[in-house]
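The block underneath contains the structure these notes are about, expressed in structure tokens.
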Amino acid sequence: MVKQAFFREELEIPEDVEVDLTGDHHIRVKGPNGGPITKDFSHIRGIHVAKEDNKLVFTANFPRGSTVALANTIINIVKNLIEGVRTNYSYVSKVCYSHFPFNVEAKPRKKELHVVNFLGERAPRVIKYNPSKVSVDVKDDDVFLSGPDKEILGQTAADLKKICRIKKKDPRVFQDGVYLYKILHGDEILWQIK
């Protein structure tokens, strides 16, 4: 493979979005529908990030393949943040049960999501979430998680699925749980199980 002497990639910043670089690779994004969201990219070595006019410029001298891959990953994360603060993402999960009906309740003051009556258990199963970054809406058997940060939404949906894991039972038979089935960006469906 031919060695690359210089890597340069530019990311256009829309007019209605503010992007600031602070400190050691801290990127702060604010837009009309969310923010400010700050991401810490201080772990990236060998990649220089600068703001020129209305562009973010990522550069590296004599990069390895792993450095180029890391730079592209960071560019995609920042791109998702810019799209998220303009139009929020929504993650939709379905409450599935066969015998004991259960539901999900949001407790924003406690910063908790409760899974109540799962498999007939008296104590609710609890996960923590950040109500300032994720808004939770429960309608019938659907749990809507929405916000500008795709990473935090995905982690909250994964935590909700994980808390409903049934131990020492066959997962092909005991399929009760809360499962992600749709991801939206505004009204556009990005991913869906049919």
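Report, by residue number, each residue of the stretch 128-140 that is crowded, with 18+ Cβ neighbours inside 10 Å and either of a type in the set (S, T, N, Q) or part of a strand (DSSP E or B) (or both).
Val136
The selection criterion, being touching a residue at least 24 places away in the same chain (Cβ under 8 Å) and in contact with a His (Cβ under 6 Å, 6 or more places away or on another chain), holds for Phe41. For the stretch 56-85, residues that are of a type in the set (Lys, Arg) and either crowded, with 17+ Cβ neighbours inside 10 Å or at pLDDT below 95 (or both) total 1.
Checking the structure you have, find out if any residue of the stretch 64-83 is free of Cβ contacts under 8 Å to residues at least 60 places away in the same chain, more than 19 Å from the chain's Cα centre (by Cα) and more than 25 Å from Val19 (Cα to Cα). The answer is yes; a qualifying residue exists.
Summed over the stretch 100-124, residues that are in contact (Cβ under 8 Å) with a residue 24 or more places away in the chain, out of contact with any helix residue (DSSP H, G or I) (no Cβ under 8 Å at 6 or more places or on another chain) and at negative phi total 5. Checking each residue in the stretch 86-104 for being crowded, with 19+ Cβ neighbours inside 10 Å and polar (S, T, N, Q) picks out Asn88, Ser90, Ser93.
The values are calculated or read from the model by the stated rules, or taken from the named source; none is laboratory data. Bear in mind the structure is a predicted one, so any value in this text is a computation, not a measurement. Virtual Cβ from ideal backbone geometry, glycine too; neighbours counted across all protein chains shown.
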